[in-house]
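First the structure, in the form of structure tokens, and then the observations on it.
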Amino acid sequence: MADDARTEPARDAVVIPIGTGGRPGRGTGRARPSSAARDLAPSSARPPAAKKPAARKPAARKPAAKKAAAKKATARKPPAEEASASQQPVEQPVAADREATTTQPRADSGIPIGDWIAACQGAAREVFGDDWERRLAELLAFVRRRLEGGYEVDDYGFDRELTERFFMTALRPIAEKWFRLEVRGLENIPADGGALVVSNHSGTVPLDGLMTMLAVHDHAHRFLRPLGADLVFKLPIVSSLARKGGATLACVEDAERMLSGGELVGVWPEGFKGIGKPFSERYKLQRFGRGGFVSAALRTGVPIIPLSVVGAEEIYPLVGNVPSLARLLGVPYIPITPFFPWLGPLGMVPLPSKWILEFGEPIRTDAYDAAEAEDPMLVFNVTDQVRETIQHTLFDLLRDRNGVFG
């Protein structure tokens, strides 16, 4: 008998949820359990929900009577019904109302067309100045000519219009705001005719050549035609931009041809040895090669203008190199600076050093005969004269300047 009582399940057992303190309502003493207790209890043990009385359709009343009835119904409403009413989802507007809202905008919505026109005019005035209409028209005409192919290039690929409107415009803020370029000795640049500008080379990246081109264009109102190394014309994008900017290969034939044609030619005889020298050897000129630029000047009888550039040595202080990686990539060197490659692309931003460009007095070559260009001793003497002039001018400028970033 006892075994049958143990095996037979209790039919009248009441399941009490865990944590309710042994009675409904989680130990609160209320007859009605809370909502949390009802959720814990099985569905069979939950008390049946109270049925709401059927709502009667009220008779038509006056507005004051309706308000009084609404207040009275709210006061009589039980707390449980208020909670259930607050949990009911808010009725969303029908799709027809949404379509009507989107398809029928308000008359005062959006920005008036007059404000749009005024904003565009203000932006154009900020970019182009007070004469923005004329400059904007010139820009549109320039774009149209480029698309239609209505522009000219010379035998070397020099695009005068693109250089003046695009390259010089892009370089000008860097020279004026970042490097604060100061140019001296502009009277030594001839107003016309052929001349050879010989400059020191530095900066890890050849920005000094670009700044020299801009200084000659803006102050002497001439285009400087630089002679570039072979590597410049092997790079896919740089080669095309260099040609359009007026550069040509650094060979005696092209140099003599441009000098004979009355062009202002620029050369940097130090080459990659100049821009790739360590920071500890800054402003110490490297060897000027075999003097090919002097031979070209002697054959054409044009003056040689020495140029000294101070400030370019500090934009990327070269503290190291990776020769093995440079040979693998086919470049002269892989620079390591205090900021590159440690800071990634941010390390490629040049330091804002103060730049000074000084054009020296021209060294005349028209007193020599063209055949004397084959005399190696004469070529060496003139080359050494140009190098010493640039070196002494660099020392003078370094003594005069007020700090690297002053």
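The values are calculated or read from the model by the stated rules, or taken from the named source; none is laboratory data. All figures in this text were calculated on a predicted structure; none of them were measured in a lab. As a convention, Cβ positions derive from the backbone with ideal geometry for all residues, glycine included, and neighbour counts pool all protein chains shown.
For segment 221-235, enumerate the residues that are of a type in the set (D, E, K, R), modelled with pLDDT of 95 or more and in a loop (DSSP other than H, G, I, E, B).
Result: Arg222, single match.
Is it the case that segment 366-380 has a residue that's surrounded by 16 or more Cβ atoms within 10 Å (Cβ to Cβ), modelled with pLDDT of 95 or more and not hydroxyl-bearing (Ser, Thr, Tyr)?
no
Residues of segment 334-373 being farther than 22 Å from Val310 by Cα and touching a residue at least 60 places away in the same chain (Cβ under 8 Å), which ones?
Arg364, Thr365, Asp366, Tyr368, Ala370, Glu372, Ala373
Test Phe166 against the stated conditions and say whether it is among the aromatic types (Phe, Trp, Tyr), surrounded by 11 or more Cβ atoms within 10 Å (Cβ to Cβ) and either part of a helix (DSSP H, G or I) or out of contact with any strand residue (DSSP E or B) (no Cβ under 9 Å at 6 or more places or on another chain) (or both).
Criteria met by Phe166.
Restricting to segment 268-326, and then to whatever is among the polar types (S, T, N, Q) and touching a strand residue (DSSP E or B) at 6+ places or on another chain (Cβ under 8 Å), can you tell me which residue is nearest to Phe395 (Cα to Cα)?
Ser308
If you scan segment 237-267, which residues turn out to be assigned to a strand (DSSP E or B) and either among the hydroxyl-bearing types (Ser, Thr, Tyr) or closer than 20 Å to Glu161 by Cβ (or both)? Quick ask: steps written out before the conclusion?
Applying the first criterion (assigned to a strand (DSSP E or B)) to segment 237-267 yields 248-249, 264-267.
Those that are assigned to a strand (DSSP E or B) and either among the hydroxyl-bearing types (Ser, Thr, Tyr) or closer than 20 Å to Glu161 by Cβ (or both): Thr248, Leu264.
Tell me, yes or no, whether segment 134-156 has at least one residue that is in contact with a strand residue (DSSP E or B) (Cβ under 8 Å, 6 or more places away or on another chain) and either within 24 Å of Val265 (Cα to Cα) or exposed (fewer than 10 other Cβ atoms within 10 Å of the Cβ) (or both).
Yes.
Does Pro345 satisfy the criteria of being surrounded by fewer than 22 Cβ atoms within 10 Å (Cβ to Cβ) and either more than 28 Å from Lys234 (Cα to Cα) or in contact with a Ser or Thr (Cβ under 7 Å, 6 or more places away or on another chain) (or both)?
So Pro345 fails the test.
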